[in-house]
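A.B. asks: Here it is, the structure in full.
Any read-out appearing in this document is the output of simple, stated calculations on the displayed coordinates, not a laboratory observation. From a predicted model like this one, the values you see are computed outputs, not experimental measurements. No Cβ is skipped: glycine too gets one built from the backbone with ideal geometry, and neighbour counts run over all protein chains shown.
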Amino acid sequence: MTFKSSFCSGRRGFLLGGATVIGAAATGGLPLWSSIARAGETPAPDIVDMLLRPGASRASLVSNPAIQTDVWAYNGTVPGPEIRIRQGQRLRARLENTLPQETTIHWHGLRIPNAMDGVPGVTQDAVKPGGSFDYVFDLPDAGTYWYHPHANTTEQLGRGLYGPLIVEETDPLRVDRELVWILDDWRLDDAAMIDSGFNAMHDVSHAGRIGNVVTVNGLPPGELVVRPGERIRLRLLNAANGRIFALDFDELAPTVIAMDGHPVTPHRDDAPLLLLGPGMRFDLVIDIPVKGKTSFAVMDRFYDGMENRIASLAVSGEAVRDGVPDWDMALKPNPVPEPDLDQSTRHDLVYSGGMMGGMVLQQMTQSGHITPEMLNRMGIEDMAGMGNMMRSMSGSGNVWAVNGRDPDRDGDGPLVTLERGQSCRLTLMNATAWLHPIHLHGHAFRLLARNDAPVNHQPWLDTVLIKPGERVEIAFVADNPGDWLIHCHILEHRVGGMSGIIRVL
Ligand SMILES: [Cu+2]
């Protein structure tokens with residue numbers, strides 16, 4: 001089926017979420033697709049239509065509801081409308097740009113055709129103010145995903161452009177309630193207006209643009225009333241530019257059932273805090289105790305001495321059941337091809353630069369994890385050369401580098417080129433003093449190991465958080481042809497050069 005014909009058939013269905021402002025009212029009384037749907041055509045029930053209109057709006061981000069902040073939002077709301085679709089269905093989303101600048105939509109984590117990936121200059125031309133673009137693709141994988149612009153992303157996400165995309169399993173998990181929490185932070189001035197200093201060099205070379213106001217679903221953190229014995233599925237998503245959340249669930253002991261959308265063996269995390277870098281998602285199952293404590297606090301404890309309350313859970317009402325239900329928590333795996341590790345090609349990406357980066361690069365070189373060959377590829381011959389490279393990078397404004405360069409900008413071509421169908425093992429080395437959530441477009445990868453130690457459950461991910469000095473090994477089948485970005489999802493780091501392309505032929 002061609003793009004055009006698939007576009008003109010299909011039902012005129014709309015996603016009308018609670019806060020969604022689309023459909024008749026938003027399109028001047030006309031159902032969105034009526035002008036192009038042909039009379040007499042059989043509706044295709046597997047298609048969901050969506051209109052996404054990024055533009056200026058206002059939102060109540062701070063605890064005083066009388067104070068409104070000027071934001072940019074999809075269809076007027078932060079977050080944008082929830083797109084909820086079933087695995088295997090087709091999404092047709094029309095972007096109508098009412099922003100004062102160019103934009104696109106990237107469908108984070110989705111394995112879709114390259115032309116739909118929404119990266120200006122790589123997969124499409126940016127959509128000008130007043131322009132539109134039609135995104136059409138099938139959803140092969142169930143899970144928790146999201147959409148956001150990929151043009152001027154620091155400002156466009158920082159002003160509020162993002163929304164959830166939930167792909168439901170054909171056989172959904174049994175729970176009493178499902179919640180989606182989109183975490184974000186905002187840098188607001190005293191009048192609760194967004195600080196317009198995007199891409200400040202300090203943010204680019206340090207931890208990214210960290211805000212001073214944290215929101216959950218675009219609102220100040222609040223209280224949620226739950227019932228004793230209730231089973232909740234919580235879909236967590238970090239939409240912040242740079243903030244990493246380290247979540248403490250009090251005594252609730254959530255079970256992790258999916259990471260970055262993809263099912264994982266249900267397990268309790270060993271770490272006391274759940275680390276959620278920008279772009280990352282977790283699906284959790286939380287069983288509210290039948291007896292005992294009646295209030296729980298979900299806290300973010302990433303920054304010492306700067307903890308944030310994310311939510312308060314108040315247990316109230318009659319118990320839903322006597323104890324913990326024995327319902328299955330295992331989700332059916334998504335159809336992601338398994339990499340053949342014996343037949344795989346190996347590549348490595350060394351991330352360097354940023355404040356105090358020379359020190360970590362030196363340590364990893366001394367420990368032998370960064371080899372003379374890798375240094376050579378980075379254009380570094382000795383320790384003096386390392387210092388020179390760091391200085392010239394900070395002078396040029398490109399404060400980060402991948403394998404010693406910024407291929408996204410200098411036109412050197414892709415970091416890695418792969419034959420279609422080839423299995424690839426990629427070692428990502430963080431030779432910097434900062435954490436980086438590295439995001440690969442168009443594929444899911446298996447996280448195999450950290451610092452040579454195999455990782456529990458080896459989850460499928462699209463974004464992996466790498467600590468300073470850490471080496472992470474991932475593997476995937478390059479089955480999706482095109483040029484795919486692999487970049488740090490701390491958006492200011494990408495601006496500073498932490499980005500490149502993996503080409504699948
Ligand atoms: Cu980064």
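A.B. asks: What distance in nm separates the two pseudo spin-label positions at Asp171 and Ser295, each 7 Å out from Cα along the beta-carbon direction?
C.D. replies: 4.2 nm
A.B. asks: Here's a follow-up. Whose amide H sits under 5 Å from the amide H of Asn398, counting only residues 5 or more places off or on another chain, with H placed in the peptide plane?
C.D. replies: Counting only residues 5 or more places away or on other chains, the set is empty.
A.B. asks: Quick one: length gained pulling Trp327 to Ile67 fully straight, 0.36 nm per residue minus the C-alpha distance?
C.D. replies: Values: separation 260, 0.36 × 260 = 93.60 nm, distance 4.41 nm.
Gain on stretching Trp327 to Ile67: 89.2 nm.
A.B. asks: In addition: Which of the aspartates and glutamates could be linked to Lys128 by a straight reach, that is with a Cα gap under 12 Å, when you skip same-chain ones fewer than 8 residues away?
C.D. replies: Glu96, Glu102
A.B. asks: Then there is this: When the helices in the chain are scored as -39500 (n - 2.57) per DSSP H run of 4 or longer and the sum is shared across all residues, what 222 nm value do you end up with, to the nearest 500 deg cm²/dmol?
C.D. replies: Details: 8 runs with 56 residues, N = 505.
Value at 222 nm, helices only: -3000 deg cm²/dmol.
A.B. asks: Moving to a separate point now. Whose amide H sits under 5 Å from the amide H of Arg84, counting only residues 5 or more places off or on another chain, with H placed in the peptide plane?
C.D. replies: Hits under the 5 Å cutoff: Ile166.
A.B. asks: Roughly what percent of Cα-Cα pairs across the chain reach past 39 Å? Provide the component values of the computation, followed by the final result.
C.D. replies: On the way: 29179 of 127260 pairs.
In whole percent, the long-distance tail amounts to 23.
A.B. asks: Convert each backbone phi in region 138-150 into a coupling constant with the Karplus relation 6.51 cos²θ - 1.76 cosθ + 1.60 (shift: θ = phi - 60°), then list the ³J(HN,Hα) values in order as whole Hz, x for Gly and Pro.
C.D. replies: 8, 9, x, 10, 7, x, 9, 10, 7, 10, 6, x, 10
A.B. asks: So which trypsin sites (Lys or Arg not before Pro) in region 241-281 are both in a DSSP loop and have at most 16 other Cβ atoms within 10 Å of their Cβ?
C.D. replies: Loop-located and lightly packed - Arg268.
A.B. asks: HN-Hα J couplings of region 358-374 from phi, Karplus 6.51/-1.76/1.60, θ = phi - 60°, integer Hz, Gly and Pro as x?
C.D. replies: Values per residue, Gly and Pro as x: x, 4, 5, 4, 5, 4, 5, 6, 5, 7, x, 6, 9, 8, x, 5, 5 Hz.
A.B. asks: Quick check for me: using +1 on Lys/Arg Cβ and -1 on Asp/Glu Cβ, what's the dipole size of the chain about its Cα centre, in debye to the nearest 20? Could the numbers behind the result be given before it?
C.D. replies: On the way: 44 positive and 60 negative charges, 179 e Å.
Approximately 860 debye in magnitude.
A.B. asks: Per-residue HN-Hα couplings for region 256-265, Karplus 6.51 cos²θ - 1.76 cosθ + 1.60 at θ = phi - 60°, whole Hz, x for Gly and Pro?
C.D. replies: Per-residue couplings from phi come out as 7, 10, 8, 10, 6, x, 8, x, 9, 3 Hz.
A.B. asks: Moving on. Of all the Cα-Cα pairs you can form in region 177-315, what percent are over 17 Å apart?
C.D. replies: Details: 5896 of 9591 pairs.
Summing the P(r) of region 177-315 above 17 Å gives 61 percent of all pairs.
A.B. asks: For the chain, with the dipole built from +1 on Lys and Arg beta-carbon atoms and -1 on Asp and Glu ones, taken about the Cα centre, which of Val402, Asn238, Ile380 lies farthest toward the positive end?
C.D. replies: Of Val402, Asn238, Ile380, it is Asn238.
A.B. asks: Share of antiparallel DSSP beta bridges in the chain, in percent to the nearest 5?
C.D. replies: Working: 87 of 121 bridges.
Around 70 percent antiparallel, to the nearest 5.
A.B. asks: Counting only other residues whose beta carbon sits under 10 Å from that of Gln422, what net charge do I get with K and R as +1, D and E as -1?
C.D. replies: -2
A.B. asks: Based on the Cα coordinates of region 242-376, what is the per residue volume of their convex hull in Å³? Kindly include the intermediate steps, with their values, before the conclusion.
C.D. replies: Values: hull volume 25.3 nm³, N = 135.
In region 242-376, the Cα convex hull volume per residue is 187 Å³.
A.B. asks: Still on this model: Which FRET efficiency, nearest 0.05, do His347 and His457 yield, Cβ-Cβ r, R0 22 Å?
C.D. replies: On the way: r = 24 Å, r/R0 = 1.09.
The value I calculate is 0.35.
A.B. asks: Now a separate question. Can you spot the aspartates and glutamates whose alpha carbon is less than 17 Å from Lys291's alpha carbon? Ignore those fewer than 8 places along the same chain.
C.D. replies: Of all the aspartates and glutamates, those that pass the test against Lys291 - Cα under 17 Å, at least 8 places apart if same chain - are Glu230, Asp250, Glu251, Glu318, Asp322.
A.B. asks: Using every alpha carbon pair in region 80-174, what percent of pairs falls into each 10 Å bin from 0 up to the bin containing the largest distance?
C.D. replies: Distribution as computed: 17, 49, 27, 7, 1 percent.
A.B. asks: So which GluC sites (Glu not before Pro) in region 147-203 are both in a DSSP loop and have at most 16 other Cβ atoms within 10 Å of their Cβ? Let's see the in-between values first.
C.D. replies: Working: sites: Glu155, Glu168, Glu169, Glu178; in loops: Glu169.
Sparse-neighbourhood loop GluC sites (Glu not before Pro): Glu169.
A.B. asks: Which residues in region 199-233 place their backbone N less than 15 Å from a point set 7 Å from the Cα of Tyr303 along the Cα-to-Cβ direction?
C.D. replies: 202-204, 206-215
A.B. asks: Ok, one more. List every residue whose amide H lies under 5 Å from the amide H of Val455, counting only residues 5 or more places away in sequence or on a different chain, with H placed 1.01 Å from N in the peptide plane.
C.D. replies: Here Ala449, Arg450 satisfy the definition.
A.B. asks: Please compute the net charge surrounding Pro459, taking Lys and Arg as +1 and Asp and Glu as -1 over other residues with Cβ under 9 Å from its Cβ. Intermediate values should be presented prior to the final figure.
C.D. replies: Details: positive: Arg446; negative: Asp260.
For residues surrounding Pro459, the net value is 0.
A.B. asks: Now, a different point. Pick out, in residue order, every one of the GluC sites (Glu not before Pro) in region 195-277 that is DSSP loop and has at most 12 other C-beta atoms within 10 Å; say none if there are none. Provide the component values of the computation, followed by the final result.
C.D. replies: Numbers: sites: Glu223, Glu230, Glu251; in loops: Glu230, Glu251.
Here the sparse-neighbourhood loop sites are Glu251.
A.B. asks: Going by the alpha-carbon gyration tensor, a ≥ b ≥ c the square roots of its eigenvalues, is region 432-490 rounded (a/c under 1.5) or, if a/c is not under 1.5, prolate (a/b greater than b/c) versus oblate? Each step should come with its number before you reach the end.
C.D. replies: Working: a/c = 2.44, a/b = 1.26, b/c = 1.94.
Oblate is the answer for region 432-490, as a/c is 1.5 or above yet b/c matches or exceeds a/b.
A.B. asks: Between region 102-178 and region 487-505, what's the alpha-carbon centroid distance in Å?
C.D. replies: Taking the Cα centre of region 487-505 as reference, the centre of region 102-178 is 17 Å away.
A.B. asks: Put +1 on the Cβ of each Lys and Arg and -1 on the Cβ of each Asp and Glu in the chain; which of Pro228, Gly305, Trp434 then has its Cα farthest toward the positive end of the dipole?
C.D. replies: Pro228
A.B. asks: Between Gln363 and Glu419, what FRET efficiency follows from the Cβ-Cβ distance if R0 is 35 Å, with the result rounded to 0.05?
C.D. replies: 0.50
A.B. asks: Report the full-extension gain for the segment Leu505 to Arg377: residue separation times 0.36 nm, less the Cα-Cα distance, to one decimal in nm.
C.D. replies: Details: separation 128, 0.36 × 128 = 46.08 nm, distance 2.35 nm.
Residue separation times 0.36 nm, minus the Cα-Cα distance, leaves 43.7 nm.
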